[in-house]
Structures are given as structure tokens and as C-alpha cells.
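Okay, so here's the structure we're looking at.
Only the coordinates and a few stated rules stand behind these numbers; no lab work does. In this text, all values refer to a predicted model and were calculated from it rather than measured experimentally. Neighbour counts run over all protein chains shown; Cβ positions are idealised from the backbone, glycine included.
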Amino acid sequence: MLHKLVIGALGAMALLFSTSAFAQGTAAEAKAMLEKAVAAVKADKAKALDMFNKSESGFLDRDLYPFCFNISDGKAVAGGSAASRKLIGTDVRTLKDSTGKAFGVDLYAAAAKEGQIIEVSYMFPKPGDNTTPVQKVSFVTRVGDLGCGVGYYK
């Protein structure tokens, strides 16, 4: 009996301390990170892209991270998660989610006008789970010759 109580207590403690692993960023936090990313790109594009790809300087917060692509050719140049970094060099316009939605075309179109932030919904794996797609909404804008976004998971 004591053995079962100890196991139960340890399991409850593990659940208590692991709740931060399930914490998600909010829409407001995603939009704030996008604004921070835009400012970083405007200040020093090369440095900003490097920080995004290395998930440095607050550019990876739980499941929030920036991504960017070239307006000229649509190729991804930065991604703050392992799954998004795998897409570097890929034309975002070719991306489809697990439901077949061509969300890359929507990401690219959302970056048509600087100063506008457009929401794009699609399925994408969360950081740390690069296989199971879940509902995601990304805020996307144009920054000079780049399209950049930050998404949150629903």
C-alpha cells in the first residue's frame, strides 16, 4: 500500500513540475514577438536572422518563434524551431499542411504590404514534437525584402 502511495505522490509531483512544458504562447505574445522581430530586422537584418535561427535573445519563448522568407523568391531564410529550420531554402509557396491546405501561398501573400499584419491559419508541429501537426495561427508581415511571422498554437 505504501509503495502505491509513493508512486502516486511522485506521479503527482512530476505532473506539477511538468506543466511548464505544456505552456503555450498567446496571440498577444506572438504579435509582440513579431513586433520585436520586425524591429530586429530593421536594425540589422543579418544579425536578426542569425538570432532567429539560433533561438537567441528571446526569439524562442515556449512555442513562439519567428520565421522569415525572401519576398524575391519565397525561400525560407530563418526559423526559430527545429521544424521550421528544416524548411530553410524551401520556397514557402510550396508548403502544404497535413490537411492539404497550401498555407505557404497564404504566408507569402500575407507579406505583400509592409506595415500590415495578416493572420494565416494552418496545421504545423509544435517545437519539441516535429511530427504531430496542430492548429496554428501566424501573424505575418513584410519587413523590407522579407516576409516574417510568428505563430501561436491553438
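Charge tally for N53 (other residues, Cβ to Cβ under 15 Å; Lys, Arg +1; Asp, Glu -1): +3. Annotation: the residues M33, M123, sorted from fewest to most other C-beta atoms within 10 Å of their own C-beta, follow the order M123, M33.
Where in the chain are the DSSP H helices whose alpha-carbon span along the long axis reaches 15 Å or more and whose Kyte-Doolittle mean is at least -0.5? Show your work: numbers first, answer last.
Details: long enough: 2-18 (24 Å, 1.71); 27-43 (24 Å, 0.58).
Correct list, ordered by number: 2-18, 27-43.
Here K42 is the anchor, and the lysines within straight C-alpha reach of less than 27 Å, apart from those fewer than 8 places off in the same chain, are K31, K54, K75, K86, K113, K136.
Going from the fewest other Cβ atoms within 10 Å to the most, the residues V143, V150 appear in the order V143, V150.
With each label modelled as a point 7 angstrom along the Cα→C-beta vector, the K47-I117 pair spans 2.3 nm.
For the residues K45, K86, what sequence is obtained by ranking on other C-beta atoms within 10 Å, fewest first?
Values: K45 17, K86 12.
Fewest to most other Cβ atoms nearby, the residues stand as K86, K45.
Counting Lys +1, Arg +1, Asp -1, Glu -1, what net charge surrounds V143 among other residues with beta carbon under 9 Å of its beta carbon?
Numbers: positive: K42, K45, R142; negative: E114, D145.
With Lys, Arg at +1 and Asp, Glu at -1, the net is +1.
The relative contact order of the chain comes to 22 percent, based on Cα pairs under 8 Å that sit 6 or more residues apart. Here the calculated FRET efficiency for T94 and Q24, from their Cβ-Cβ distance with R0 = 41 Å, stands at 0.90, rounded to the nearest 0.05.
Apply 1/(1 + (r/R0)^6) to the Cβ-Cβ distance of D129 and A102, taking R0 = 22 Å, and write down the FRET efficiency to the nearest 0.05.
On the way: r = 23 Å, r/R0 = 1.04.
Computed FRET efficiency for D129 and A102 comes out at 0.45.
Each 10 Å bin from zero up to the one holding the largest Cα-Cα distance in segment 25-153 carries the following percent of pairs: 15, 53, 31, 2.
Over all other residues within a Cβ to Cβ distance under 12 Å of R62, the charged ones net out to -2, with Lys and Arg as +1 and Asp and Glu as -1.
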